[in-house]
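One structure is given here, and the rest of the page talks about it.
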Amino acid sequence: MLTSKLLTLVLVVQPGRVLLGMKKRGFGAGKWNGFGGKVQAGETIEQAAHRELLEESGLTVDKLDKIGNIKFEFIGETEILDVHIFRADSFHGEPTESDEMRPQWFDCDKIPFSQMWADDTLWFPLMLQRKKFLGYFKFQGHDLIVEHKLQEVHEV
């Protein structure tokens, strides 16, 4: 029986560039990613997204736009990762390194996909174009996608 873990992911986007963080420890260490993590008891998904962004990057945002929802399955694992993805186009503060993440701006035509999760190449272009999407990715290990579905939708 598979259980589900609720997670958030926030991408901070500015004209022509996106802020990513190098994951320094834990799940996904060594990969560039957005900022996010587990939804804690008593908080909404959006509250968790705001909290994780602040903890991992030092940034606050007034507005988060929910842009996607992807469910991840890893063969041999008993948990489905239910990731709610948000885009922020304005922010307050300066990106600051944390224990978990080292933030860095990347030009949109120089996103380091070879050092990111394999699924990012498929949904990142939708996120950058402000298109909403739903997806499912099944991984063998952390690098090989063995099955996936991705669709553009009107509402997430």
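The values are calculated or read from the model by the stated rules, or taken from the named source; none is laboratory data. Small disclaimer: the values here were computed from a predicted structure and weren't measured. Positions of Cβ are generated from backbone atoms using ideal geometry, with glycine treated the same way; all protein chains shown enter the neighbour counts. With ligands, DNA and RNA removed, areas are computed over all heavy atoms of the protein, side chains included. Shrake-Rupley method; radii C 1.70, N 1.55, O 1.52, S 1.80 Å.
Please identify the trypsin sites (Lys or Arg not before Pro) of region 49-135 that satisfy two criteria: DSSP loop assignment and at most 15 other Cβ atoms within 10 Å. Which are they? Don't skip to the answer; put the middle values down first.
On the way: sites: Arg51, Lys63, Lys66, Lys71, Arg87, Lys110, Arg130, Lys131, Lys132; in loops: Lys63, Arg130, Lys131.
Answer by residue number: Lys63, Arg130, Lys131.
Could you work out what % of the accessible surface of region 5-92 is carbon and sulfur, using a 1.4 angstrom probe and leaving DNA, RNA and ligands out of the count? Mind showing how you got there, number by number?
Values: 1990 of 3740 Å².
The C+S portion of the solvent-accessible surface of region 5-92 is 53 percent.
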For the chain: accessible area per residue (Å², 1.4 Å) | 52
Express in whole angstrom the spacing between the alpha-carbon centres of region 80-111 and region 1-49.
-> 8
Rounded to the nearest 500, the 222 nm mean residue ellipticity computed for the chain from DSSP H runs (n ≥ 4, each -39500 (n - 2.57)) alone is -4500 deg cm²/dmol
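In region 4-100, which chymotrypsin sites (Phe, Trp or Tyr not before Pro) fall in coil by DSSP and have 13 or fewer other Cβ atoms within 10 Å? Walk me through the numbers before you get to the answer.
Values: sites: Phe27, Trp32, Phe35, Phe72, Phe74, Phe86, Phe91; in loops: Phe27, Phe91.
Listed in order of number, the matching sites are Phe27.
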Count the lysine pairs in region 1-132 whose Cα atoms lie under 23 Å apart, taking only pairs 8 or more positions apart in sequence or on different chains.
-> 29
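Can you tell me how region 1-53 classifies by the Cα gyration tensor, rounded, prolate or oblate, using a/c under 1.5 as the rounded cut? If you can, show how the numbers build up before the last one.
On the way: a/c = 2.36, a/b = 1.39, b/c = 1.69.
Cα axes put region 1-53 in the oblate bin.
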So how tilted is helix 45-57 from the main axis of the chain? Cα-based, degrees 0 to 90, rounded to 10.
-> 60
Can you bin the chain into rounded, prolate or oblate? Criterion: square roots of the alpha carbon gyration tensor eigenvalues sorted a ≥ b ≥ c, rounded for a/c under 1.5, prolate for a/b above b/c, oblate for the rest.
-> rounded
